[in-house]
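Novice: Take this structure first; my questions come after.
Bear in mind these aren't lab numbers, they're just calculated from the coordinates by the rules spelled out. Owing to the predicted nature of the structure, the values given are computational and were not obtained by experimental measurement. Cβ: placed from backbone, ideal geometry, glycine included. Neighbour counts: every protein chain shown.
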Amino acid sequence: MAIHYLSSPPATAQLVIVGGGIVGTATAFYSARAGIRPLILERRPALSTLTTAAAAGGFRLQLDNEEEYRLIRESVELFLNFEEMSEQSDYDPEVRRQGYLWLTTRRDRARDQHAIVEAQRSWGLSDVQILDATTVRGEFPWVSPDVLQARFRQGDGLLDPRTLALGLAAGSHARVVTGCSVTGFRLDADGGRLAGVETTKGFIATRTAVIAAGPFSSEVARWAGVELPLTAVQRQKVVLPDVQEVPPDAPMTIDEDSGAHWRPAFRGAFLLFTDPSTPPSPPTEDLPIDQSFAFKLLQPKSPQAVARVAPFWKLVWDRGVVQWMIQAGQYDVTPDRRPILGPLPVEGLFVNSGYSGHGVMGGPAGSRVVIDVLTGKLAALENPFRPDRTFEERPRLDML
């Protein structure tokens, strides 16, 4: 099933979606299922080539709060039944349920693992396990003898985020215009109602639009006079193809003491590290790459070294012949690290953003929430992610 590209936007649209990443295409998918014909506007030359393309490509139900657990559980059902639910077979996100494995070498974190698993089980996640040192090395022989304990769920897994996004675009039958930047919104005479969207390829009359522009969402909302509690935070990913030491069937593996993590990819691996001290930065398409980032993860003496809990990475370092590249993207982060989904003060304008690093796994179900609010199927006050909620910082129990 081909994606329906247009060279220029139509004069009118029932629904305009600003942004063609995973969140924008998911919005189109659920709007089409609700009987609304969507138009996706993407300013880059191709869909899903910025933050979606730089994502780690994992999904999990091992989360640190019940609201996100229930949201992402719905997304996972879509992933596991993608061909049937998207009604297309051209784009296969290659879902693999290889699990998420959280490792610790510290006794205090081992106690914390028990606490978070107990909470997850109280939400209904019955298949998450605590593995003692002997069991974890029995199941995963490459784990360091320094590891004291792990938490693991086989049902979590890996996928290709960009293919997922393209499949949603195809399944939505949305009209798509790439290379088309939104430059502003036109409001009606009293300024309280959306009348249309201004773009570099002309004006589109519409009464309804969804901002799904990831880290640029706050900038886009300001064109309508709306301030969003969003900041952009840079994250990086090391891509190492063709690394023979990486077990191809390994789970997403997280050093819960440092936050460093890796997953099999391209007959090698993706390596990542989420540094909570990284300050916000202005949203941009041209992110500066920190060339020292790879050394933080690969050099065995580094505090964030992936070799800390998986010693085969030291062999990779010692062999010294692997090639790598670094990708960068930005998280769109809210103060409570939960998404912002729903109507803005300008009537007809909605937001679907703020996933705080969970856009691939939260974006599909979050988009369903936005469309349900937009159509009146879900009452605004029943939406726990509504934009007018009180944003309170919450303790970080989860390293990712």
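Novice: Please list, in order along segment 247-252, the HN-Hα scalar couplings obtained from phi with the Karplus expression 6.51 cos²θ - 1.76 cosθ + 1.60 (θ = phi - 60°), rounded to whole Hz, x for Gly and Pro.
Specialist: Result, rounded to whole Hz: x, x, 9, 5, x, 4.
Novice: Rank by packing, highest mean first: peptides 233-246, 84-97, 44-57, with packing defined as the count of other Cβ atoms within 10 Å averaged across residues.
Specialist: Listed from highest to lowest mean packing, they are 44-57, 233-246, 84-97.
Novice: Right, something else. Could you give me the percent of Cα pairs per 10 Å distance bin for segment 186-270, shortest bin first, beginning at zero and ending with the bin that holds the maximum distance?
Specialist: Going from the shortest bin to the longest, the percentages are 14, 28, 17, 16, 20, 6, 0.
Novice: Quick one: helix 66-80 against the long Cα principal axis of the chain, what's the angle to the nearest 10°, folded into 0 to 90?
Specialist: Here the helix axis deviates by roughly 90 degrees.
Novice: May I pose another question? Give the lysines reachable from K314 as a straight Cα distance under 28 Å; neighbours fewer than 8 places away on the same chain don't count.
Specialist: K237, K296, K301
Novice: Non-local amide H neighbours of V210 (under 5 Å, H modeled in plane, Pro and chain starts lacking H): which ones?
Specialist: V16, I17, V18, F350
Novice: Shifting gears a bit: Can you give the Rg and Dmax of segment 231-370 based on its C-alpha atoms, in angstrom?
Specialist: 17.5, 60
Novice: Kirkwood-based Rg over Rh for segment 93-158 (C-alpha set), two decimals?
Specialist: A ratio of 0.99.
Novice: Quick one: what are the phi-derived ³J(HN,Hα) couplings along segment 335-345, Karplus 6.51/-1.76/1.60 with θ = phi - 60°, whole Hz, x for glycine and proline?
Specialist: Result, ordered by residue: x, 9, 6, 10, x, 10, 9, x, x, 9, x Hz.
Novice: How large is the dipole of segment 1-105 about the Cα centre if only Lys and Arg carry +1 and Asp and Glu carry -1, each at its Cβ, rounded to the nearest 20 debye?
Specialist: Dipole magnitude for segment 1-105 comes out near 300 debye.
Novice: Over all alpha-carbon pairs of segment 29-120, lay out the pair-distance distribution in 10 Å bins, whole %, shortest bin first.
Specialist: Calculated P(r), rounded to whole percents: 12, 30, 35, 15, 8, 0.
Novice: Right, something else. Using only Cα atoms, tell me the angle between helix 107-123 and the longest principal axis of the chain; keep it within 0 to 90° and round to the nearest 10.
Specialist: The angle comes out at about 40 degrees.
Novice: Moving on. What is the fewest-to-most order of L168, L131 by other Cβ atoms lying within 10 Å of their Cβ?
Specialist: L131, L168
Novice: Mind jotting down the three principal axis lengths of the chain based on Cα atoms? Whole angstrom, largest first.
Specialist: 68, 45, 41
Novice: Normalised by the residues of the chain, what does the relative contact order come to in percent, with Cα pairs under 8 Å and at least six apart?
Specialist: RCO, the chain: 22 percent.
Novice: With n ≥ 4 as the cut-off for DSSP H runs, can you work out [θ] at 222 nm for the chain, using -39500 (n - 2.57) per run divided by the number of residues, rounded to the nearest 500?
Specialist: -8000 deg cm²/dmol
Novice: Let me ask something additional. Skipping prolines and chain starts, which residues have an amide H placed within reach, meaning under 5 Å, of the one on A265, given they are 5 or more residues away or on another chain?
Specialist: When sequence neighbours closer than 5 places are left aside, the close amide H contacts are F270.
Novice: While we're here: Report ³J(HN,Hα) in whole Hz for each residue of segment 154-169, in order, from the Karplus equation J = 6.51 cos²θ - 1.76 cosθ + 1.60 where θ = phi - 60°; Gly and Pro get x.
Specialist: Calculated HN-Hα couplings, in order: 5, x, 6, x, 10, 7, 9, x, 5, 5, 4, 5, 5, x, 5, 4 Hz.
Novice: Still on this model: Under a 5 Å amide H to amide H cut-off, with H placed in plane at 1.01 Å, what residues pair with S353 once short-range neighbours are removed?
Specialist: I340
Novice: In Å and whole numbers, how far do the C-alpha atoms of segment 233-287 stretch along each principal axis, longest first?
Specialist: 38, 28, 12 Å, listed from the longest principal axis down.
Novice: How high is the relative contact order of segment 130-284, in percent, counting Cα pairs under 8 Å that sit 6 or more residues apart?
Specialist: This gives 14 percent for segment 130-284.
Novice: Which one, A212, A165, A32, has the greatest fluctuation when you compute a Gaussian network model over the chain with C-alpha springs under 10 angstrom?
Specialist: Ranking A212, A165, A32 by mean-square fluctuation puts A32 first.
Novice: Dipole of segment 173-247 (Lys/Arg Cβ +1, Asp/Glu Cβ -1, origin at the Cα centre): which of G184, T231, A212 lies farthest to the positive side?
Specialist: Going by the Cα projections, it comes out as G184.
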